């Protein structure tokens, strides 16, 4: 009986010791001054700073009348703002889906679509 208790004690000790050994480094904690409860800031997305270049790159010339585009114009802030929900819906479609944009071009990257979505969610600042 003593052998089993001694063996159980060794096994328990080994489990405890080995459970604390791993290859991942423990994160170091630093003390900082308490701050107010603020959410992590997301980058500001504005039409003139971010969205305009995305639209010019991916929607031109089809949606730019000045470049002989004959589709729904998206060349101004007002035009894009009025149609942003439809634009986001269509660029999120799969290339095989009816209404996919940009027509005859590869699907936009997730980060590019995220710029449009963040802009809309931020209230479409100019």
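The values are calculated or read from the model by the stated rules, or taken from the named source; none is laboratory data. All figures in this text were calculated on a predicted structure; none of them were measured in a lab. No Cβ is skipped: glycine too gets one built from the backbone with ideal geometry, and neighbour counts run over all protein chains shown.
So here's what we get for this one:
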| quantity | calculated |
| --- | --- |
| Filter result for residue 111 (more than 17 Å from residue 45 (Cα to Cα) and either at pLDDT below 95 or under 20 Å from the mean Cα position of the chain (by Cα) (or both)) | no |
| Per-region count, the range 62-81, residues modelled with pLDDT under 90 and within 13 Å of residue 102 (Cα to Cα) | 1 |
| Residues of the range 43-79 that turn out to be in contact (Cβ under 8 Å) with a residue 40 or more places away in the chain, assigned to a helix (DSSP H, G or I) and surrounded by 12 or more Cβ atoms within 10 Å (Cβ to Cβ), as a count | 7 |
| The range 89-111, residues that are under 17 Å from residue 52 (Cβ atoms) and exposed (fewer than 15 other Cβ atoms within 10 Å of the Cβ) | 111 |
